[in-house]
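Presented below is the structure to which this report refers.
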Amino acid sequence: MARRIRGHVSARTEVRAGAERAGAQAVVATDVVRRFGDRVVLDHLDLTIGVAELVVLLGPSGCGKSTLLRLLAGIDRPDGGSVEVPTRRAVVFQADRLLPWQRALKNVMLGLRGSDADARGRAALAEVGLEGRERAWPKQLSGGEAQRVALARALVADPELVLFDEPFAALDAITRLKMHDLVRELRRQHHAAMLVVTHDVDEAIALADRIVVLGHGRISAEYPVDLAPRERAVGAAREGLRAQLLADLGLAHTAG
C-alpha cells in the first residue's frame, strides 16, 4: 500500500492474483478536495473501488464526475486529501482520440515496447472484435469501431484500473448496447477495476457492480447492482432501482 500524501496522487503496483479474493481495494480516495477558484468541486470526498470491481459514477453535468476521474488518472491533483491508485491505469474518453495519420494497429500500439508489441496490438484488436481491421485508417472506421480501437489501446498494456469518461455518449443506441456487453466481458477477462463516468441512468444500471451517485461534490448515495443480464434490461427490480436513481438526481421517474 502506498504512503498517503496529502494533496497528491500515490501510485502503487497491485498484485491482482489473490487480492480480489482478499477484498483488496484498487482505488482509495480519502477526504479529497478540489477547488477551481472559489468554487469547491469535490468537497472532502471518499471513494473506494475494489480490485476487479466495475463502479459507475452517476451525476448531472457539472457535479464533479470528470474532475474526480482526472484525479484518479493522474491528469490533475487534489487540493487536499489523498488518492491511491494502481501504477498501471488507462483512460477511455468520449472522443476516441485516435491519431488520424496512424492506422488502427499503430494507434493501439502507441507507447508499447518490446519485440512482442505488434502481436499484442493485434491480439487486443481481435479481443474487441476488430480482427482484420489492423490497417484501417481512423477515417474508415465507424464511431463504434473507433471506440473499440480506443478500448483496445487502453487494455493492451494490461492495466489494473481503466477509467471511462462518458465513452459511449456519441454512439447510437444499438452500438452503445453492444459496447456495454463488450466492456462487461473485457472486465471479466482482464480482472481490472473499472470506473465509468456517465449521466445516463440506464447505462449505469446496464454496466455497474455498484452505482455511486455524486452530488454537490460528495457521494450522496451508493447502490450495489446484483441483477442478472436480462434483469438489467427489464423487470421490477430494475425499474425500482431506476426510479430511485432518478429521484436521487432530482428527476421525475419515467418508464422505459
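Nothing in this text is a laboratory measurement; each read-out follows from the coordinates by a stated rule. The structure displayed is predicted, hence computed values, not measured ones. Glycine gets a Cβ as well: all are built from the backbone with ideal geometry, and neighbour counts include every protein chain shown.
The table that follows gives values for the structure above.
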{"quantity": "Rg over Rh [alpha-carbon atoms, Kirkwood Rh] for region 99-140", "calculated": "0.95"}
{"quantity": "Nonlocal amide H pairs with VAL196, under 5 Å, H built at 1.01 Å", "calculated": "VAL55, VAL56, LEU57, PHE164"}
{"quantity": "All lysines inside 23 Å of LYS106 as judged from Cα atoms, apart from same-chain residues fewer than 8 positions distant", "calculated": "LYS139"}
{"quantity": "Sequence of PHE164, PHE36 once ranked by neighbouring C-beta atoms within 10 Å, starting from the fewest", "calculated": "PHE36, PHE164"}
{"quantity": "For the chain, calculated [θ]222 nm from helices alone, where every DSSP H run of n ≥ 4 adds -39500 (n - 2.57)", "calculated": "-9000 deg cm²/dmol"}
{"quantity": "Region 96-157 - percent relative contact order, Cα under 8 Å, separation 6 or more", "calculated": "48 percent"}
{"quantity": "Viscosity 1.306 mPa s, 10 °C: Kirkwood-radius Stokes-Einstein D of region 129-178 over Cα pairs, µm²/s", "calculated": "132 µm²/s"}
{"quantity": "Inter-centroid distance (Cα atoms) of region 193-228 relative to region 76-137, Å", "calculated": "25 Å"}
{"quantity": "Ranked SER220, SER61, SER66, criterion: other C-beta atoms within 10 Å, fewest first", "calculated": "SER61, SER220, SER66"}
{"quantity": "Packing-based exposure ordering (other Cβ within 10 Å, fewest first) of LYS178, LYS65, LYS139", "calculated": "LYS139, LYS178, LYS65"}
